[in-house]
Amino acid sequence: DQQVKQNSPSLSVQEGRISILNCDYTNSMFDYFLWYKKYPAEGPTFLISISSIKDKNEDGRFTVFLNKSAKHLSLHIVPSQPGDSAVYFCAASEAAAGNKLTFGGGTRVLVKP
Amino acid sequence: DVKVTQSSRYLVKRTGEKVFLECVQDMDHENMFWYRQDPGLGLRLIYFSYDVKMKEKGDIPEGYSVSREKKERFSLILESASTNQTSMYLCASRDPGYLINTEAFFGQGTRLTVV
């Protein structure tokens, strides 16, 4: 059973608008959450993260929100740019579980010029 | 600049062959991981290692084994390749982050095709 789920496989957004990517998890022991961006034929690259003791973290155009009670996090990209077109993966880790990352299925984002 | 290097970008192997995928990191990280990426399934953990000669099964270890003889190198072995092992394989390393949380760094991936 998937512990981390990204229910939207794809998202299309106009350049300059906001992209909102969602992620849900089931394991209440997860204490650290990350977003990765992946281009075809390349490895994922780290984007932004958030600890479970926070509810928001911002880095430039990227903001991650965490709602622990709902076991839900989201990534906001504002403004969206064509170079943001990629697959985005949500990941979670639990310090007591060997630091392995559990990933969601990914959301493919297409930013149209 | 941190680096995780996988030995091959593309590989084509025959069914039944023994396949070795090599990964080297230069960050002195204790934790190393092997994932495979398949459409709609995200990244699934095959095996991970938290120290030299130490390994643990991930979510989909069947048909795979690993070796970690040196801290910087983590090898994935397909004992007898099958067509359902055609996939993108991704190696990652991560500092355990005993005091702070850290991210994992990924290699560029190996696209393996088993024919």
* **Matching entry among B:SER65, B:SER93 (being crowded, with 19+ Cβ neighbours inside 10 Å, among the hydroxyl-bearing types (Ser, Thr, Tyr) and within 21 Å of B:GLU30 (Cα to Cα))** => B:SER93
* Of all residues in the range B:96-115, which are more than 8 Å from chain A (Cβ to nearest Cβ), closer than 19 Å to B:ARG44 by Cα and open to solvent by 20 Å² or more (accessible area, probe 1.4 Å)? -> B:THR113
* Would you mind finding the one in A:SER19, A:SER51, A:SER10, A:SER80 that is free of Cβ contacts under 8 Å to residues at least 60 places away in the same chain and over 22 Å from B:LYS57 (Cβ atoms)? => A:SER51
* For the range A:75-106, name all the residues that are open to solvent by 10 Å² or more (accessible area, probe 1.4 Å) and polar (S, T, N, Q). => A:GLN81, A:SER85, A:ASN99, A:THR102
* All but one of (1) within 12 Å of chain A (Cβ to nearest Cβ); (2) open to solvent by less than 10 Å² (accessible area, probe 1.4 Å); (3) of a type outside the set (Gly, Ala, Ser); (4) under 10 Å from the mean Cα position of the chain (by Cα) hold for B:ASN31; which doesn't? -> (4)
* **In the range A:9-23, residue surrounded by the fewest Cβ atoms within 10 Å (Cβ to Cβ) [restricted to those that are under 17 Å from B:LEU43 (Cβ atoms) and within 12 Å of the chain's Cα centre (by Cα)]** => A:LEU21
* **Hits in the range B:34-58 - residues which are part of a loop (DSSP other than H, G, I, E, B) and at the interface with chain A (Cβ under 8 Å from one of its Cβ atoms)** => B:GLY40, B:LEU41, B:GLY58
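Per-residue answers, yes or no, for (1) in contact (Cβ under 8 Å) with a residue 24 or more places away in the chain; (2) part of a strand (DSSP E or B):
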{"position": "A:MET29", "(1), (2)": "yes, no"}
{"position": "A:PHE33", "(1), (2)": "yes, yes"}
{"position": "A:TYR36", "(1), (2)": "yes, yes"}
{"position": "A:ALA41", "(1), (2)": "no, no"}
{"position": "A:GLU58", "(1), (2)": "no, yes"}
{"position": "A:LEU66", "(1), (2)": "yes, yes"}
{"position": "A:SER69", "(1), (2)": "no, no"}
{"position": "A:CYS90", "(1), (2)": "yes, yes"}
* To do: Determine if the range B:69-90 includes at least one residue that is closer than 28 Å to A:SER52 by Cβ and either facing chain A (nearest Cβ under 8 Å) or of a type in the set (Lys, Arg) (or both).
  => yes
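The values are calculated or read from the model by the stated rules, or taken from the named source; none is laboratory data. The structure presented is a predicted model; accordingly, all values stated were derived computationally and were not measured. We place every Cβ from the backbone using ideal geometry, glycine too, and count neighbours over all the protein chains shown. Calculation scope for accessible area: heavy atoms of the full protein, side chains included, ligands and nucleic acids excluded. Shrake-Rupley method; radii C 1.70, N 1.55, O 1.52, S 1.80 Å.
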